[in-house]
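A quick write-up on the structure given underneath.
The values are calculated or read from the model by the stated rules, or taken from the named source; none is laboratory data. All of these numbers come straight from a predicted model, not from anything done at the bench. Here Cβ is always computed from backbone atoms with ideal geometry, including for glycine, and neighbour counts include all displayed protein chains.
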Amino acid sequence: MMNDLLRPFEFEFFRNGLIVATFAGALCGLVGVYVVLKGMSYIGHGLSHAIFGGFAASALLGVNFVLGAGVWGVASALMINGVTRRRLIGADAAIGVITTASFALGLALFALFGRRGRSFDAALFGSILGVGIEDVLAIIAVTVLVALVVFFGYRRLLFTTFDPEVAEASGVNTARIDALLMLVLAISILATMQVLGVTLIAATLVIPATVARMLTNSFSRMLLLATGIGALTGFVGMNLSYHLDIQSGPTIVLVGAAVFALTFAVTGTRGLGRTAGLDERGTAVAPR
Amino acid sequence: MRPAGDAELVRLDRVTCAYGRKPVLVNVDLTVSSRQFSGIVGPSGSGKTTLLRVLLGTVAPLAGSVQRQRDLRVGYVPQVESVDWSFPVTVSECVLMARTRGRLLPWRSRTERAEVGEVLERLGIDDLAGRHIRDLSGGQQQRVFIARALLGRPELLLMDEPTSGVDVRTRHDVLHLLDDLHRDGLAIVLTTHDLNGMAAHLPHLVCLNTEVIGQGAPRDVLVPDVLERTYGVRMEILEHAGMPIILDDYVQNDNVVELPEAGR
């Protein structure tokens with residue numbers, strides 16, 4: 001039994017995939033706290049789909065994936081942020097148009113010129129096949145970078161997330177903080193896309209943060225808990241993915257859902273009550 | 001003439017603001033001094049909150065000028081209805097939000113810990129530091145946001161409807177607390193809908209309906225003519241123990257809704 005559990009560790013691709021999945025879970029858990037509390041879940045979902053368009057375009061043009069999808073993702077993130085802050089049209093409508101069009105473009109490009117191969121499926125649903133040492137280094141670098149942003153920007157990020165109007169009046173540049181959050185979100189999606197898949201990243205952003213909210217009333221503890229829960233679901237999900245022969249993205253999300261169900265069973269309505277109102281903050285990045 | 005030591009903090013000259021094409025404030029002249037304790041009254045949509053935001057500096061006027069004392073520290077207490085009470089912050093985390101400058105580390109320094117404790121003690125909520133903001137009474141919640149504003153050591157405190165939706169006891173407590181803070185040297189400007197319970201107790205009022213209809217002591221502005229121009233309805237003023245009491249003029253206008261008699 002023990003040997004069966006340890007067998008996949010003999011393979012380098014699995015060890016790499018496990019590290020990437022664990023860091024990806026931690027990263028999404030950390031960023032997810034802001035996504036959930038700012039009511040940006042739909043943005044996270046949309047942005048991951050938008051990045052798929054950049055992935056398809058860069059794959060077909062032979063451009064470096066990180067560069068192509070990265071530029072595309074950052075441009076989409078800043079566009080969404082700009083539209084929602086200026087309230088030109090409804091935030092959810094803006095996100096819907098930008099992101100679904102980008103996702104559809106990606107699908108169309110693959111249909112016309114590409115081959116629906118392994119990379120196509122991996123981008124959509126996540127895969128540990130082909131995860132190399134450069135992916136491991138990339139996810140560690142991005143996680144450390146985002147952790148530093150959250151650590152040193154903790155006070156401004158918290159104030160802007162909780163009370164943007166007063167934060168602005170107190171001298172916090174909330175426009176810059178919102179843009180920074182969107183960039184962090186775009187980079188995180190980009191770094192985790194291969195293992196989690198664009199269609200399932202939103203769940204890894206939302207579930208650990210929601211579970212953490214059910215367990216604590218403190219913001220700092222919520223950050224730590226969400227990061228830990230994300231890492232745990234990534235680690236367990238990747239192991240299960242190997243043993244059950246299911247793609248990594250769905251397995252990690254299902255483990256997250258199981259953690260949510262378990263937490264609900266333990267905390268009951270008290271835990272669920274804490275999450276009440278999380279969906280009332282709307283989808284806008286702009287101050288309410 | 002301004003009393004000695006009474007400095008001008010903010011001055012608005014013919015300030016006009018609009019959201020889109022709809023004017024919200026028109027040609028507003030207002031001076032806030034360091035000894036001021038003012039209430040802005042007016043009907044819903046009269047521009048009270050916008051005027052507060054102009055004073056705060058988060059809304060720029062379309063026309064006119066806003067002159068602020070250099071390096072003026074302003075504290076702002078939002079309407080309790082606008083606060084996300086499900087947000088995961090404890091009382092001390094919420095109060096510490098006022099400190100965003102000077103320290104990059106997330107946790108409180110020893111000095112900050114002492115300062116937060118001091119301001120919570122001053123407001124009588126030091127035993128609630130670890131509680132979640134939703135687990136407090138209306139008056140305690142109001143005090144948390146006043147504490148957050150005070151931690152920034154403001155010279156001017158702006159409050160949006162501080163007694164909206166609170167019971168009589170809490171309104172009484174908040175009013176006394178603000179009076180104490182004002183006596184300690186803090187200038188206060190607040191908005192309120194509550195003419196009898198709040199406005200009549202303040203030393204200075206501004207009656208606003210897009211433009212300033214009148215300003216001065218309650219005795220001078222809580223008069224039928226100014227109130228009718230502010231609210232668009234006739235009101236009757238009574239006096240009790242030297243305080244004006246405002247009554248809606250429903251009876252005279254035969255607007256009383258008749259209730260069916262019991263058992264009919």
| task | Please specify each residue of segment B:74-109 satisfying the condition of being facing chain A (nearest Cβ under 8 Å), hydroxyl-bearing (Ser, Thr, Tyr) and closer than 20 Å to residue A:218 by Cβ. | result | B:86, B:90, B:100
| Here are some conditions: (1) more than 14 Å from every other protein chain (Cβ to nearest Cβ); (2) surrounded by fewer than 19 Cβ atoms within 10 Å (Cβ to Cβ); (3) modelled with pLDDT under 90. Residue B:173 meets all but one. Which one does it not meet? | (2)
| query | Just one of the numbered conditions (1) more than 8 Å from chain A (Cβ to nearest Cβ); (2) within 18 Å of residue A:157 (Cβ to Cβ); (3) outside any helix (DSSP H, G or I) is not true of residue B:130; which one? | reply | (2)
| note | Taking segment A:156-172 and keeping only residues that are touching a Lys or Arg at 6+ places or on another chain (Cβ under 6 Å) and assigned to a helix (DSSP H, G or I), one is left with A:161
| message | I'd like to verify a number: residues in segment A:143-182 that are in contact with a Pro (Cβ under 8 Å, 6 or more places away or on another chain) and more than 27 Å from residue A:48 (Cβ to Cβ), how many? | response | 5
| For segment A:52-132, which fully contained helices (runs of 4 or more DSSP H) count at least 3 residues that are out of contact with any Leu (no Cβ under 6 Å at 6 or more places or on another chain), more than 18 Å from residue A:194 (Cα to Cα) and modelled with pLDDT of 75 or more? | A:65-86, A:91-113
| request: Could you check, for segment B:76-84, whether at least one of its residues is buried (at least 17 other Cβ atoms within 10 Å of the Cβ), over 21 Å from the mean Cα position of the chain (by Cα), free of Cβ contacts under 8 Å to residues at least 40 places away in the same chain and under 28 Å from residue B:181 (Cα atoms)? | output: no
| Inside segment B:35-73, can you point out the residues that are under 24 Å from residue B:20 (Cβ atoms), away from chain A (no Cβ under 14 Å) and surrounded by fewer than 21 Cβ atoms within 10 Å (Cβ to Cβ)? | B:43, B:44, B:45, B:61, B:62, B:63, B:64, B:65
| query | Which residue pairs have Cβ atoms under 7 Å apart, sit 6 or more places apart or on different chains, and have a first residue in segment A:132-153 that is among the aliphatic types (A, V, I, L, M) and a second that is loosely packed, with under 12 Cβ neighbours inside 10 Å? | reply | none
| remark: Residue set A:249, A:282; condition at pLDDT below 90 and buried (at least 18 other Cβ atoms within 10 Å of the Cβ); output residue A:249
| note | Those residues of segment B:45-75 that are at pLDDT below 90 and hydroxyl-bearing (Ser, Thr, Tyr) come to a total of 1
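So that you can scan it fast, the table gives a plain yes or no per residue for (1) more than 24 Å from residue A:242 (Cα to Cα); (2) away from every other protein chain (no Cβ under 14 Å); (3) touching a Ser or Thr at 6+ places or on another chain (Cβ under 9 Å); (4) surrounded by 21 or more Cβ atoms within 10 Å (Cβ to Cβ):
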| residue | (1), (2), (3), (4) |
| --- | --- |
| A:145 | yes, yes, no, no |
| A:152 | yes, no, no, no |
| A:163 | yes, no, yes, yes |
| A:168 | yes, no, yes, no |
| A:171 | yes, no, yes, no |
| A:201 | no, yes, yes, yes |
| A:205 | no, yes, yes, yes |
| A:210 | yes, no, yes, yes |
| A:215 | yes, no, yes, no |
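Yes/no matrix, rows are residues, columns are (1) without any contact (Cβ under 8 Å) to a residue 60 or more places away in the chain; (2) over 30 Å from residue B:58 (Cα atoms):
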{"site": "B:152", "(1), (2)": "no, no"}
{"site": "B:175", "(1), (2)": "yes, no"}
{"site": "B:190", "(1), (2)": "no, no"}
{"site": "B:195", "(1), (2)": "no, no"}
{"site": "B:225", "(1), (2)": "yes, yes"}
{"site": "B:239", "(1), (2)": "yes, yes"}
{"site": "B:242", "(1), (2)": "yes, yes"}
| Taking interchain pairs and intrachain pairs at least six residues apart, which have beta carbon atoms under 6 angstrom, with the first residue in segment B:98-122 and farther than 22 Å from residue A:171 by Cβ and the second assigned to a helix (DSSP H, G or I)? | B:120/B:126; B:120/B:147
| request: Give the residue, chosen from A:268, A:273, that is in a helix (DSSP H, G or I), modelled with pLDDT under 95 and at positive phi. | output: A:268
| request: State yes or no: is residue A:24 under 18 Å from the mean Cα position of the chain (by Cα) and at pLDDT 80 or above? | output: yes
